[in-house]
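I have placed the structure first, in the form of structure tokens, so that the comments after it can refer back to it.
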Amino acid sequence: MKKRSISRQGVGASIAALMTGILAISVAMAQMDHGSKTEKIYGIGLPRDHASQLFSDKDYPVFPLKPGQEAYKDIDGARMKKDVITLSQIALRYRDTVNKQWWGRFPGTDADRAGMKYMTDEFARLGLKVASFPYVLPRDWRPQSWAATYTTSNGNKINLATAFPVSGTKGTDPSGLTADAIWVGVGAEPDFLDRDVKGKAVIIYSTFVPGGRSHSASDRAGLFNANARAQELGAAMVINVMAVPGNGQFQPEGGLRKIPQITVSQDEGFALRDRLGAGEKVTFTLHLNAPEVTNVETAWTMATLPGASDEQIVVMTHTDGYFQAATDNNSGMAGTLELARHYAAIHRPNVRVPWCSSSFRIITTAKSPAAVRTLASTPPTTRARSC
């Protein structure tokens, strides 16, 4: 058997942020809303202007198959879109019934179980053998509630409707945290020269960068290390204004551990910037209730399709996600289901589909002996694909 290895990083979204109310363009516009109402707006932005900015299905080009691709003509994009929509609706139900602030399909939740059941039901219908391996997630970070406001020397009090805590960041005491605000641009080293940020609410403008799950202020990007620099210099908290026009909410992950860190939309960030630019004193207050959750019971699953040849194909995916999770990872889940449909119809290679509900979480200590044995039994001469 020929040895081949094909791998692709399965982060779904190519950027670090996931915007609430903003689905992938492959998802029906009917699911979209206008997002939170903000005090001011700046230009055209999402999700508030989605009706005029996103394409309809008829606007997308249809690319003919190239020679040699005819075997894959049964791969159905419209069917995958239905999968993405159904999985998004699971997350939306969780938002509407469990937590309107921190929502998605998280390990151990009803939404997690519903998403995994959607996968297992379809695999079973296709004739795949499905096995589940329970494990306990040692700990997870799930804020229960938060509120971010600021007051100005001119007497204004603004509630930040798009504020969102960054995963893993430090919470506040029940009484909250209050600090004077200071704007440091993109937070490069020269931006901090002669700026006293100790005890301040440091506001940093951050742009997306290539490579997946990162932005310019994050030390993960290796550009400005602005968030870490603010923390090292004694900031009380960090507010990242995410450089996407509109009123979206963002979860870029990699939150600061010693001080609280949140994101806000460009609409609300620019209004804050303009007040500071006009010479107003701005005082920021944050309440963030983020207790650590421990011993979360969940599972990872393996679906196997016996084939007629000795070729082994392993397709790996994850089922958890923030917000609707349309691009990360409903798209990967839909692609995995469609590949299973394709191979179930031709019964040629052996296909294994392992998936778990904790790609964003710590699972290194959550070891299942049965799971380890199952993965170890996968021959080394396989093609591996991650969705």
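Nothing in this text is a laboratory measurement; each read-out follows from the coordinates by a stated rule. Source: prediction; values computed, not measured. Here the Cβ positions follow ideal geometry from the backbone for every residue, glycine too, while neighbour counts run over all protein chains shown.
One table, with the values for the structure above:
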quantity	calculated
Whole-Hz ³J(HN,Hα) from phi, Karplus 6.51 cos²θ - 1.76 cosθ + 1.60, for segment 53-70, glycine and proline x	10, 8, 8, 9, 4, 5, 7, 8, x, 10, 9, x, 5, 7, x, x, 9, 4
Rounded, prolate or oblate (a/c below 1.5 giving rounded, otherwise prolate when a/b exceeds b/c) for segment 198-280 by Cα gyration tensor	oblate
Lys100-Arg195 FRET efficiency (beta carbon distance; Förster radius 45 Å; 0.05 resolution)	0.80
Sites Lys40 and Glu292, calculated FRET efficiency, Cβ-Cβ separation with R0 25 Å, nearest 0.05	0.10
Globularity index of segment 118-248, i.e. its alpha-carbon radius of gyration over 2.2 N^0.38 Å	1.43
Peptide ranges 101-108, 347-354, 257-264, 151-158 listed from the most packed, as the mean C-beta count within 10 angstrom indicates	101-108, 257-264, 347-354, 151-158
Neighbour-limited loop hits for trypsin sites (Lys or Arg not before Pro), segment 35-91 (at most 13 other Cβ within 10 Å; DSSP other than H, G, I, E, B)	Lys37, Lys40, Lys73
Calculated FRET efficiency for the pair Arg93/Phe55, C-beta based, R₀ 30 Å, to 0.05	0.70
